[in-house]
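Engineer: Would you mind keeping the following structure in view while I ask a few things?
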Amino acid sequence: LWGPRFTNTVTTDLDADSSNGLYDTSLDVVNDFQITQNLYNGGTISASALSTFAKELHSSTTATTSTDSNSVLGLSIEIPLLQGSGAVARESLIQSKRNLIYAARTFERFRRTFYRDIVSDYLSLVVQKQSLNNAQMGVDSLRQLAKRQEALYESGRARLYASADAENQALAAVARLSQSWERYRLSLDRFKIRIGWAIESPIDVVPTSLHVFPPEVDVTTAVMQALRFRLDLQNVFNQLGDTKRGVANAINDLLPETTLTLSATTASEDRKPAKFTAEDIDYTAGLTISIPLDRETERIAVRQQQIVLEKAKRSYRETRDTVAVEVRSSLRNIEVFQFTLDLQER
């Protein structure tokens with residue numbers, strides 16, 4: 001947490017001491033309030049207010065009871081000078097922000113690809129439905145041919161095998177049409193499931209055109225734009241930066257622990273917990289150094305992070321090459337489909 005953190009602890013003690021059958025009882029109430037803030041480059045700054053209230057409830061030696069109360073205000077700062085100092089202190093915050101960006105990019109890419117896949121599935125259904133219509137026309141034509149051959153055979157103008165062959169062709173076309181209908185119904189049910197539509201509810205697949213024209217772009221430009229704007233590739237590249245930062249953080253763990261401590265405290269007057277004097281302030285400064293005599297575990301961690309970095313570099317290069325290949329393949333497919341469309345329009 002990088003915002004100020006507030007804590008308040010109340011401790012109550014009831015003490016009873018026995019002496020010769022008599023009891024001395026007292027009540028102590030301590031309230032400890034603290035505010036802690038993490039510093040940008042490591043360390044913390046905290047302010048505290050400690051209030052104490054003590055009351056003697058019963059005394060075995062005197063007839064009167066006493067009450068005592070006071071307060072102590074404190075301000076302390078702890079700053080790491082070597083290990084844990086700098087950007088490594090903000091690692092959790094930095095990684096959380098970057099993870100948020102990764103998640104946003106992943107969702108946006110999913111949204112784009114999901115829309116594309118839905119359109120592709122629907123257009124595939126349109127193509128299948130048109131193929132069914134064409135297949136039905138082919139079946140009707142073969143049935144007419146079979147009837148014609150049968151009539152010619154009955155009139156003695158055609159041989160038996162010609163009539164039988166025409167009938168077999170018509171039956172085979174009917175079988176293929178039945179299989180095509182089954183594949184169409186299966187594709188339609190899967191499409192309903194994908195868009196969250198009830199399978200029992202009908203969907204009318206209407207032939208449509210998106211009026212999208214093939215992009216006029218060369219391969220080099222398309223590949224450069226893909227390498228620049230592909231969100232999944234951006235995530236892989238930024239994750240490579242995370243791995244580099246992990247190596248730097250592991251190297252930081254090899255440094256000695258050196259902490260500078262500064263504090264100031266002031267106490268209130270006796271039995272006046274709200275009255276303080278500026279003349280009664282205690283200052284403390286300290287420097288703690290932990291000499292790194294054994295850092296074998298940390299050196300192993302550094303080497304492990306370096307290996308992870310090399311794997312991340314190789315993964316990024318592989319992802320870049322894969323994106324380039326996908327772009328080139330997509331452009332070639334566009335050219336093939338455009339050529340096929342031109343042939344069909346002639």
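The values are calculated or read from the model by the stated rules, or taken from the named source; none is laboratory data. Every value quoted in this text rests on a predicted model; they were computed, and no experiment measured them. Here Cβ is always computed from backbone atoms with ideal geometry, including for glycine, and neighbour counts include all displayed protein chains.
Engineer: Search region 191-211 for residues being touching a residue at least 60 places away in the same chain (Cβ under 8 Å) and not in a loop (DSSP other than H, G, I, E, B), and hand back the single one that is nearest to PHE114 (Cα to Cα).
Structural biologist: That would be ARG194.
Engineer: Of the conditions (1) in the same structural domain as THR340 (by TED's automatic domain parsing); (2) basic (Lys, Arg); (3) over 24 Å from ASN333 (Cα atoms), ARG228 clears all except one; give me its number.
Structural biologist: (3)
Engineer: Given the criteria surrounded by 12 or more Cβ atoms within 10 Å (Cβ to Cβ), out of contact with any helix residue (DSSP H, G or I) (no Cβ under 9 Å at 6 or more places or on another chain), outside the structural domain of ASN252 (by TED's automatic domain parsing) and touching a residue at least 40 places away in the same chain (Cβ under 8 Å), does SER76 qualify?
Structural biologist: So SER76 fits the description; yes.
Engineer: On the basis of being free of Cβ contacts under 8 Å to residues at least 40 places away in the same chain and not assigned by TED's automatic domain parsing to the domain that holds THR67, does ILE300 make the cut?
Structural biologist: Yes.
Engineer: So if I check each of LEU100, LEU82, LEU123, LEU142, which one is of a type in the set (A, V, I, L, M, F, W, C), buried (at least 16 other Cβ atoms within 10 Å of the Cβ) and part of a helix (DSSP H, G or I)?
Structural biologist: Criteria check complete, one pass: LEU142.
Engineer: Let me ask you something else. Looking only at residues in region 32-69 that are part of a loop (DSSP other than H, G, I, E, B) and either more than 53 Å from the chain's Cα centre (by Cα) or more than 30 Å from ASN249 (Cβ to Cβ) (or both), which one is modelled with the highest pLDDT?
Structural biologist: Out of the qualifying residues, it is SER66.
Engineer: Tally the residues that are in a helix (DSSP H, G or I) and among the hydrophobic types (A, V, I, L, M, F, W, C), restricting the search to region 287-315. Talk me through it step by step, then tell me what you get.
Structural biologist: Applying the first criterion (in a helix (DSSP H, G or I)) to region 287-315 yields 296-315.
Narrowing further to those that are among the hydrophobic types (A, V, I, L, M, F, W, C): 300-302, 307-309, 312.
The number of residues fulfilling the criteria is 7.
Engineer: In this structure, is LEU186 more than 30 Å from GLY241 (Cβ to Cβ), surrounded by 13 or more Cβ atoms within 10 Å (Cβ to Cβ) and of a type in the set (A, V, I, L, M, F, W, C)? Steps first, please.
Structural biologist: On the way: more than 30 Å from GLY241 (Cβ to Cβ): yes; surrounded by 13 or more Cβ atoms within 10 Å (Cβ to Cβ): no; of a type in the set (A, V, I, L, M, F, W, C): yes.
In short, no.
Engineer: Which one of the conditions (1) in a loop (DSSP other than H, G, I, E, B); (2) under 29 Å from ARG332 (Cα atoms) does TYR184 fail to meet, given that it meets all the rest?
Structural biologist: Among (1) in a loop (DSSP other than H, G, I, E, B); (2) under 29 Å from ARG332 (Cα atoms), the lone unmet condition for TYR184 is (1).
Residues checked against (1) in the same structural domain as THR243 (by TED's automatic domain parsing); (2) surrounded by 16 or more Cβ atoms within 10 Å (Cβ to Cβ); (3) out of contact with any helix residue (DSSP H, G or I) (no Cβ under 9 Å at 6 or more places or on another chain); (4) among the hydrophobic types (A, V, I, L, M, F, W, C):
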{"residue": "LEU39", "(1), (2), (3), (4)": "no, yes, no, yes"}
{"residue": "SER48", "(1), (2), (3), (4)": "no, yes, yes, no"}
{"residue": "LYS55", "(1), (2), (3), (4)": "no, no, yes, no"}
{"residue": "THR67", "(1), (2), (3), (4)": "no, no, yes, no"}
{"residue": "THR106", "(1), (2), (3), (4)": "no, no, no, no"}
{"residue": "ILE118", "(1), (2), (3), (4)": "no, no, no, yes"}
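Engineer: Still on this model: Any chance region 238-249 includes a residue that's surrounded by fewer than 11 Cβ atoms within 10 Å (Cβ to Cβ), in the same structural domain as VAL323 (by TED's automatic domain parsing) and part of a helix (DSSP H, G or I)?
Structural biologist: First pass over region 238-249, keeping only residues surrounded by fewer than 11 Cβ atoms within 10 Å (Cβ to Cβ): none.
So far as region 238-249 goes, no, none of its residues is surrounded by fewer than 11 Cβ atoms within 10 Å (Cβ to Cβ), in the same structural domain as VAL323 (by TED's automatic domain parsing) and part of a helix (DSSP H, G or I).
Okay, residues lined up against (1) surrounded by 13 or more Cβ atoms within 10 Å (Cβ to Cβ); (2) assigned to a helix (DSSP H, G or I):
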site	(1), (2)
ALA274	no, no
ALA285	no, no
ARG317	no, yes
ARG320	yes, yes
VAL323	yes, yes
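Engineer: Restricting to region 250-272, and then to whatever is assigned to a loop (DSSP other than H, G, I, E, B) and within 30 Å of ILE94 (Cα to Cα), can you tell me which residue is nearest to the chain's Cα centre (by Cα)?
Structural biologist: ASP253
Engineer: Listed residues ALA222, ALA274, ALA267; which is at pLDDT below 95 and in the same structural domain as THR322 (by TED's automatic domain parsing)?
Structural biologist: Exactly one residue qualifies, and that residue is ALA222.
Residues checked against (1) in contact with a helix residue (DSSP H, G or I) (Cβ under 8 Å, 6 or more places away or on another chain); (2) of a type in the set (Val, Ile, Thr); (3) not assigned by TED's automatic domain parsing to the domain that holds TRP181:
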residue: TYR102; (1), (2), (3): yes, no, no
residue: PHE110; (1), (2), (3): no, no, no
residue: THR113; (1), (2), (3): no, yes, no
residue: ASP121; (1), (2), (3): yes, no, no
residue: ALA135; (1), (2), (3): yes, no, no
residue: SER141; (1), (2), (3): no, no, no
residue: ARG148; (1), (2), (3): yes, no, no
residue: LEU152; (1), (2), (3): yes, no, no
